[in-house]
Amino acid sequence: MARRPAPPSSSPRAQPTPSPTKKGAKPRAQAATTSSRRASSASRGAAPRVDVREWASGIRLSAFSVIMLSLVVLGAWVLVPTLGTFIDQRQKIAALEASVKVSEDQIEALVAERERWNDPAYIATQARERLYYVKPGEVVYLVDNDLDPAALPREQDPVSESLVETPTDWMPQLLRTVVSTGLSETAAVAP
């Protein structure tokens, strides 16, 4: 069984050296095989192949390199969960700081409200507006139905005694009624 020749390599170390046994026969045979390999690789349209074993044998690892690589892997294994926890805690801290800021704003608003209620003029104004209190001797006029007459709702037509079938569909009419009721201004005063 004949050995298969190794594929050409791009490394300068792998170039065959001619043997001095037969002067004319060996170099011609090597030139013929090299040219046939080039022709076959060119006909395939592929790049010259690189021997992986040769490439892997070129990598040299020293004990120092192995120790440093293992330290980098160990450091990454230790720091990645810690980094995730750190980021999570920073997000929680930011959320709590925002919550504290909102609470401080609410406290400031409540303190300002309390200071306003300590003012007797503010208390009198609120009593007049909310509870309709008046001082002795004052006359208060309450205006009822102060809306524009066009904005007032129409009076309901009298209800007929007989049943009449309408020629329209009731569903669009119901929808129009609900929409117009929701959008109209009412003259009723809220208690």
The FRET efficiency for Asp157 and Glu185, from their Cβ-Cβ distance with R0 = 25 Å and rounded to 0.05, is 0.75
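How large a share of the accessible area of the stretch 118-167, in percent, is made up of carbon and sulfur atoms when the probe is 1.4 Å and the other protein chains stay in place?
On the way: 2840 of 5210 Å².
For the stretch 118-167, the apolar C and S fraction of the accessible surface comes to 55 percent.
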Between Arg128 and Val100, Cβ-based FRET efficiency (R0 30 Å, step 0.05) works out to 0.20
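Full-extension gain between Leu147 and Thr85, please, as 0.36 nm times their residue separation minus the C-alpha to C-alpha distance.
16.0 nm
Once the piece of chain linking Ala109 and Arg49 is laid out straight, how much longer is it, given 0.36 nm per residue of separation minus the C-alpha distance between them? Could the numbers behind the result be given before it?
Details: separation 60, 0.36 × 60 = 21.60 nm, distance 7.76 nm.
So the extension gain works out to 13.8 nm.
Packing-wise, with mean Cβ within 10 Å as the measure, how do 123-129, 89-95, 159-165 rank, highest first?
Numbers: 123-129: 12.1, 89-95: 10.0, 159-165: 5.1.
For the peptides 123-129, 89-95, 159-165, the packing ranking is 123-129, 89-95, 159-165.
The values are calculated or read from the model by the stated rules, or taken from the named source; none is laboratory data. Not measured: the values here are computed from a predicted model. Cβ coordinates were reconstructed from backbone atoms using ideal geometry, including for glycine residues, and neighbour counts include every protein chain displayed. To get the accessible areas, we keep the full protein, side chains included, count just its heavy atoms, and leave off ligands, DNA and RNA. Shrake-Rupley method; radii C 1.70, N 1.55, O 1.52, S 1.80 Å.
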